Amino acid sequence: MTNSNAPDARDAVDPAVRAELGRLRDSIDNIDAAVVHMLAERFKCTQQVGHLKAHHALPPADPAREARQIERLRELAESAKLDPAFAEKLLNFIISEVIRHHEQIAANSSPSGD
């Protein structure tokens, strides 16, 4: 049970610190929104790739391209001072989702290519 007369821990924090924390959190929220919008744009492009692949009976996955992309992203991560292993995990997750979409598109495409 909490004491309703006890001071809230937030009351003990310097208002300047609270303001800085709020400013940083607002920036994080904006970045998160941008990441979501960028991922949405990426998936719009990969959906088009999936339709093109299905129309031309190409496989949903392209392991050689995926390997090049992973290496490229690891290098970008290093230059951005981001953990390359984290960047690779993120891209692997995205790639697996793209392949899943491509497989669904291929399964839903008619044999005539329509």
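The values are calculated or read from the model by the stated rules, or taken from the named source; none is laboratory data. Remember, predicted model here, so these are calculated numbers, not experimental data. We place every Cβ from the backbone using ideal geometry, glycine too, and count neighbours over all the protein chains shown. Remember, those area values only see protein heavy atoms, side chains included, never the ligands or the DNA or RNA. Shrake-Rupley method; radii C 1.70, N 1.55, O 1.52, S 1.80 Å.
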Inset, instruction - May I ask you to say which residue of 33, 77, 61, 85 is modelled with pLDDT of 95 or more and within 30 Å of residue 107 (Cβ to Cβ)? - result: 61
Legend entry - Contacts under 8 angstrom Cβ, first residue in the stretch 93-108 being under 14 Å from residue 42 (Cβ atoms), partner modelled with pLDDT of 95 or more and among the basic types (Lys, Arg), 6 or more apart: 94/42; 102/53
Legend entry - Yes/no for residue 11 being modelled with pLDDT under 95 and acidic (Asp, Glu): yes
Legend entry - One residue from 61, 77, 54, 106 being among the hydrophobic types (A, V, I, L, M, F, W, C), within 18 Å of the chain's Cα centre (by Cα) and open to solvent by less than 60 Å² (accessible area, probe 1.4 Å): 77
Inset, instruction - Could you please tell me which pairs satisfy a Cβ distance under 9 Å, a separation of 6+ or placement on different chains, a first residue in the stretch 41-59 that is closer than 14 Å to residue 97 by Cα, and a second residue that is open to solvent by 80 Å² or more (accessible area, probe 1.4 Å)? - result: 50/103; 50/104
